[in-house]
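Below you'll find the structure, written out as structure tokens, and then a few comments.
The values are calculated or read from the model by the stated rules, or taken from the named source; none is laboratory data. What you are looking at is a predicted structure, and each value in this text was computed from that prediction instead of being measured. Cβ coordinates were reconstructed from backbone atoms using ideal geometry, including for glycine residues, and neighbour counts include every protein chain displayed.
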Amino acid sequence: MNNQATDYTKALWYPSSSFDERKEAIKYVVIHGTWVATTQIALNDFLCNPEIEVSAHYLIDEQGQVYQLVLEEKRAWHAGRSKWQQDELLNHSSIGIEIQNKGEEVGEPYTEAQYIALQDLLKDIMLRHHISPEHVLAHSDIATDRKEDPGTHFNWKKLEDHALAAPWHVKAGEPLEVLRTYGWHGTDTDIIKAFQRRYLPEKVSGELCTETRQKICGA
Ligand SMILES: [Zn+2]
């Protein structure tokens, strides 16, 4: 294994052995929340623990320090069973970024330093791999039946305002049809919840309420 990260030059190299060969081109970035108490737990007990077999390419701690765990050219194991548009098992085609956070129930906001570091890292990755804002996704977008991270307390606007994630624009059509065409997979409830987590975070009900319908298709 290389003893130095070669991709994002501002990262500290903190290698994980949980990866294998990538067999598809990089086309997505997947954003995660670690949802454990500390960065040390996230790194040592999970992402760099060979017995757990999970990893990500990057982790950003509360102070905005970026750690690189896996080289981008390798396949890190962060997405699990996943699907977006016609693509399945997104570990093959994505770069995974974990952001240290204690979780939705604890309710501590992601820090300003984390957003600044994430913006910088995303800009760099998206330029090098020609990734569009539409292909920067939440773990909860690609595994709607089992994942909620980075959660409703993650502020997507901080990415959207810099063209680092896609804002939602009203799209004509039947709401669920619109969401499925855009990319989400799953049951009606799970798809609506995934949409709400991204674009109506104070309304995650899984119900197609008037406000959700308005937001999706303007009617
Ligand atoms: Zn995740």
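Within segment 54-93, which residues are within 18 Å of Pro150 (Cβ to Cβ) and of a type in the set (Ser, Thr, Tyr)?
Ser55, Tyr58, Tyr67, Ser82
Just the residues that are more than 13 Å from the ligand (Cβ to nearest atom), out of contact with any Lys or Arg (no Cβ under 8 Å at 6 or more places or on another chain), of a type outside the set (A, V, I, L, M) and not in a helix (DSSP H, G or I), please, taken from segment 73-113.
Of everything in segment 73-113, those that are more than 13 Å from the ligand (Cβ to nearest atom), out of contact with any Lys or Arg (no Cβ under 8 Å at 6 or more places or on another chain), of a type outside the set (A, V, I, L, M) and not in a helix (DSSP H, G or I) turn out to be Lys83, Trp84, Gln85, Gln86, Glu88, Lys102, Glu105, Gly107, Pro109, Tyr110, Thr111.
Among Tyr67, Tyr28, which is under 15 Å from the mean Cα position of the chain (by Cα) and of a type in the set (Ser, Thr, Tyr)? Give the derivation first.
Values: Tyr67 fails: under 15 Å from the mean Cα position of the chain (by Cα).
None of the other options fit; the residue is Tyr28.
Which pairs have Cβ atoms under 7 Å, sit 6 or more apart or on different chains, and link a residue in segment 146-168 that is at pLDDT 95 or above to one that is exposed (fewer than 14 other Cβ atoms within 10 Å of the Cβ) and not in a loop (DSSP other than H, G, I, E, B)?
Leu164/Lys123; Ala166/Glu134
How many residues does segment 9-60 contain that are within 15 Å of the ligand (Cβ to nearest atom), within 27 Å of Ala166 (Cα to Cα) and free of Cβ contacts under 8 Å to residues at least 60 places away in the same chain?
4
For segment 126-155, what are the residues that are within 16 Å of the ligand (Cβ to nearest atom) and either more than 11 Å from the chain's Cα centre (by Cα) or exposed (fewer than 15 other Cβ atoms within 10 Å of the Cβ) (or both)?
Once the filter is applied, which keeps residues that are within 16 Å of the ligand (Cβ to nearest atom) and either more than 11 Å from the chain's Cα centre (by Cα) or exposed (fewer than 15 other Cβ atoms within 10 Å of the Cβ) (or both), segment 126-155 yields Thr144, Asp145, Arg146, Thr152, His153.
Limited to segment 114-134, what total is found for residues that are assigned to a loop (DSSP other than H, G, I, E, B) and in contact with a helix residue (DSSP H, G or I) (Cβ under 6 Å, 6 or more places away or on another chain)?
0
Restricting to segment 170-202, and then to whatever is among the polar types (S, T, N, Q) and either surrounded by 21 or more Cβ atoms within 10 Å (Cβ to Cβ) or in contact (Cβ under 8 Å) with a residue 24 or more places away in the chain (or both), can you tell me which residue is nearest to Tyr28 (Cα to Cα)?
Checking each candidate, the answer is Gln196.
I'd like to know if segment 179-188 contains one or more residues that are among the acidic types (Asp, Glu) and over 16 Å from Ile142 (Cα atoms).
So far as segment 179-188 goes, no, none of its residues is among the acidic types (Asp, Glu) and over 16 Å from Ile142 (Cα atoms).
Right, Pro167: surrounded by fewer than 14 Cβ atoms within 10 Å (Cβ to Cβ) and outside any helix (DSSP H, G or I) or not?
yes
Evaluate the following for Gln63: is it modelled with pLDDT under 95 and in a loop (DSSP other than H, G, I, E, B)?
no
Does at least one position in segment 9-23 carry a residue that is in contact with a His (Cβ under 9 Å, 6 or more places away or on another chain), surrounded by fewer than 17 Cβ atoms within 10 Å (Cβ to Cβ) and not hydroxyl-bearing (Ser, Thr, Tyr)?
Within segment 9-23, one or more residues are in contact with a His (Cβ under 9 Å, 6 or more places away or on another chain), surrounded by fewer than 17 Cβ atoms within 10 Å (Cβ to Cβ) and not hydroxyl-bearing (Ser, Thr, Tyr).
All but one of (1) under 25 Å from Leu159 (Cα atoms); (2) surrounded by fewer than 22 Cβ atoms within 10 Å (Cβ to Cβ); (3) within 15 Å of the ligand (Cβ to nearest atom); (4) of a type outside the set (Val, Ile, Thr) hold for Gln63; which doesn't?
(3)
Which members of segment 24-48 meet the condition of being of a type in the set (S, T, N, Q) and surrounded by 14 or more Cβ atoms within 10 Å (Cβ to Cβ)? Walk me through it before giving the result.
Of the residues in segment 24-48, the ones of a type in the set (S, T, N, Q) are 34, 38-40, 44.
The answer is Thr34, Thr38, Thr39.
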